[in-house]
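The structure under discussion appears below in the form of structure tokens.
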Amino acid sequence: MSLTAGIVGLPNVGKSTLFNAITNAQVEAANYPFATIDPNVGVVEVPDHRLDDLAAIFNPKKTIYTTFEFTDIAGLVKGASRGEGLGNKFLANIRETDAICEVVRCFRDKDITHVDGSVDPVRDVETINLELVMADLETVDKRIGKIEKKAQTGDKEAKAEMEVLAPLKEVLEAGKMARTLTFNEEEMVYVKQFNLLTTKPMIYVANMGEEDIEDPNSNPYYITLKEYAAKEGCDVVPICAKIESELAALDAEDKAIFMDDLGIKESGLDKLIKETYALLDLKTFFTVGPDECRAWTFTNGMTAPEMAGIIHTDFQKGFIKAETYTYDDMMQYKSEVALKEAGKIRQEGKTYKGLDGDIMFFKFNV
């Protein structure tokens, strides 16, 4: 499954520095707006100690982590929905992502200019969110203009679509995100077709100074951002992009020492990757053996045949059953032979819905 989170924010909030750390790539990170003109894409591994534990048991030739794609998108400015700055190009890039990671400046640094002259996380968030809302309102208005007359003549399809567009227009005109509305399954078919920016799940990334990262709650900007995000039902991940870029350049041993010196147990990047993974309601299943131990991403609620199809479409077409056991059971029994003797390996059919941490072997016939 190819999944992408877009890293967005105002110019000079640390987006590209964060992206450099995530991918260990060196995209341009300069102290002026629009240093990043085209979206930069980086694929990162999703950290998972369970795969490490399984590899220690099976000693495979290859260990492959599941991955997640982050896209660094050029800085947004006020008026982007009307074409200011990079305008529509920026907004079009966000439309291609599955989720939005909005980087918000929560640090003071007189050497790094702020486009609005001062640090105010709520103002910055509202600037970006309003541009997303205005862009969506334009999309909705255009669609209404195309089908409104048709709906008035009694066309069932157009009428059903208008019943979705009307509340969307109302909430967007009020300056609120489209995701604050609830739609049933049939209505969501229309909503997805509109590809609205404000229906995408969002997480805020509080980029703070080195002095605050050990205790983020000591940073008043972070507290303000958390309070604002809570009202939206969004999470906030505290990060120091500068520290993360330094950590990314170290090997595992030096990284552990540096983190210990900083008083942190997990890097901000690992937190962000995991939070973004969870934001999209993604889970992990594993395939194991002497040749390869591998983690696979699946959407919560998928059936065994759908999960098999992630590996190969033939697996789904010819699905027979899935031999399944849990990571926890493998950690207890340490071998598949012991699992069989204990009756812990299950035969699951087409209706089985996978669970996070399942270890699966698919049987199929095409």
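The values are calculated or read from the model by the stated rules, or taken from the named source; none is laboratory data. All values derive from a computational prediction rather than experimental measurement. Cβ: placed from backbone, ideal geometry, glycine included. Neighbour counts: every protein chain shown. Just the protein is used for accessible areas: all its heavy atoms, side chains included, with ligands, DNA and RNA removed. Shrake-Rupley method; radii C 1.70, N 1.55, O 1.52, S 1.80 Å.
Name the residues in region 247-263 that are over 23 Å from the mean Cα position of the chain (by Cα) and touching a residue at least 24 places away in the same chain (Cβ under 8 Å), would you?
ALA249, LEU262, GLY263
Of all residues in region 335-348, how many are in a loop (DSSP other than H, G, I, E, B), free of Cβ contacts under 8 Å to residues at least 60 places away in the same chain, under 19 Å from ASP53 (Cα atoms) and open to solvent by less than 60 Å² (accessible area, probe 1.4 Å)?
Count: 1.
Give me the residue from region 211-247 that is assigned to a helix (DSSP H, G or I) and of a type in the set (A, V, I, L, M) and, out of that set, surrounded by the fewest Cβ atoms within 10 Å (Cβ to Cβ).
Across region 211-247, the extreme among qualifying residues is ALA230.
Restricting to region 257-284, name every residue that is surrounded by 12 or more Cβ atoms within 10 Å (Cβ to Cβ) and farther than 24 Å from GLY9 by Cα.
PHE258, MET259, LEU262, ILE264, LEU282, LYS283, THR284
Can you tell me which residues in region 49-72 are part of a strand (DSSP E or B) and crowded, with 18+ Cβ neighbours inside 10 Å?
We begin by selecting, within region 49-72, every residue part of a strand (DSSP E or B); these are 62-64, 67-72.
Answer for region 49-72, where residues must be part of a strand (DSSP E or B) and crowded, with 18+ Cβ neighbours inside 10 Å: PHE68, PHE70, THR71, ASP72.
Given the criteria of a type outside the set (Lys, Arg), under 28 Å from PHE19 (Cβ atoms), touching a Ser or Thr at 6+ places or on another chain (Cβ under 8 Å) and outside any loop (DSSP other than H, G, I, E, B), does ILE310 qualify?
Values: of a type outside the set (Lys, Arg): yes; under 28 Å from PHE19 (Cβ atoms): yes; touching a Ser or Thr at 6+ places or on another chain (Cβ under 8 Å): yes; outside any loop (DSSP other than H, G, I, E, B): yes.
Yes, satisfied.
Show me the helices (runs of 4 or more DSSP H) entirely contained within region 87-204 in which 2 or more residues are at pLDDT 90 or above. Spell out the reasoning first.
On the way: elements: 87-95, 121-152, 156-173, 185-194.
Hits in region 87-204: 121-152, 156-173, 185-194.
Just to be sure I understand the filter: pairs with C-beta atoms under 8 Å, separated by 6 or more residues or on different chains, first member in region 353-366 and closer than 15 Å to PHE298 by Cα, second member open to solvent by 100 Å² or more (accessible area, probe 1.4 Å). Which pairs pass?
Sorted first by the residue in region 353-366, then by its partner, the pairs are GLY357/ASP328.
Filter region 285-310 down to the residues that are surrounded by fewer than 16 Cβ atoms within 10 Å (Cβ to Cβ), in contact with a strand residue (DSSP E or B) (Cβ under 9 Å, 6 or more places away or on another chain) and not charged (D, E, K, R), then identify the one that is nearest to PHE58 (Cα to Cα).
If we take residues in region 285-310 being surrounded by fewer than 16 Cβ atoms within 10 Å (Cβ to Cβ), in contact with a strand residue (DSSP E or B) (Cβ under 9 Å, 6 or more places away or on another chain) and not charged (D, E, K, R), then GLY289 is nearest to PHE58 (Cα to Cα).
Quickly run through region 315-334 and pick out the residues that are in contact (Cβ under 8 Å) with a residue 40 or more places away in the chain, out of contact with any Asp or Glu (no Cβ under 7 Å at 6 or more places or on another chain) and open to solvent by less than 40 Å² (accessible area, probe 1.4 Å).
GLY318, PHE319, TYR327, MET330 - these are the residues of region 315-334 that are in contact (Cβ under 8 Å) with a residue 40 or more places away in the chain, out of contact with any Asp or Glu (no Cβ under 7 Å at 6 or more places or on another chain) and open to solvent by less than 40 Å² (accessible area, probe 1.4 Å).
Residue-by-condition table, conditions (1) touching a residue at least 12 places away in the same chain (Cβ under 8 Å); (2) closer than 27 Å to CYS101 by Cβ; (3) out of contact with any Pro (no Cβ under 9 Å at 6 or more places or on another chain):
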position: LEU130; (1), (2), (3): yes, yes, yes
position: GLU163; (1), (2), (3): yes, no, yes
position: ALA174; (1), (2), (3): no, yes, yes
position: LYS200; (1), (2), (3): yes, yes, yes
position: TYR204; (1), (2), (3): yes, yes, no
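I need the full set of residues from region 267-293 which are in contact with a helix residue (DSSP H, G or I) (Cβ under 8 Å, 6 or more places away or on another chain) and either modelled with pLDDT of 95 or more or among the charged types (D, E, K, R) (or both), in order please.
Of everything in region 267-293, those that are in contact with a helix residue (DSSP H, G or I) (Cβ under 8 Å, 6 or more places away or on another chain) and either modelled with pLDDT of 95 or more or among the charged types (D, E, K, R) (or both) turn out to be THR284, PHE285, PHE286, THR287, VAL288, GLY289, PRO290, CYS293.
Six or more apart or on different chains, Cβ atoms under 7 Å: show the pairs whose first residue is in region 2-17 and buried (at least 24 other Cβ atoms within 10 Å of the Cβ) and at pLDDT 85 or above and whose second is assigned to a loop (DSSP other than H, G, I, E, B) and acidic (Asp, Glu).
What qualifies is ALA5/ASP98.
Enumerate the pairs (first residue in region 55-67 and more than 15 Å from TYR327 (Cβ to Cβ); second residue anywhere and open to solvent by 60 Å² or more (accessible area, probe 1.4 Å) and of a type in the set (A, V, I, L, M, F, W, C)) with beta-carbon separation below 8 Å, excluding pairs fewer than 6 apart on the same chain, so at least 6 apart or on different chains.
THR67/VAL43
Which condition number does SER218 fail, the rest of (1) touching a residue at least 40 places away in the same chain (Cβ under 8 Å); (2) farther than 17 Å from ASP124 by Cα being met?
Only one criterion in (1) touching a residue at least 40 places away in the same chain (Cβ under 8 Å); (2) farther than 17 Å from ASP124 by Cα is unmet by SER218, namely (1).
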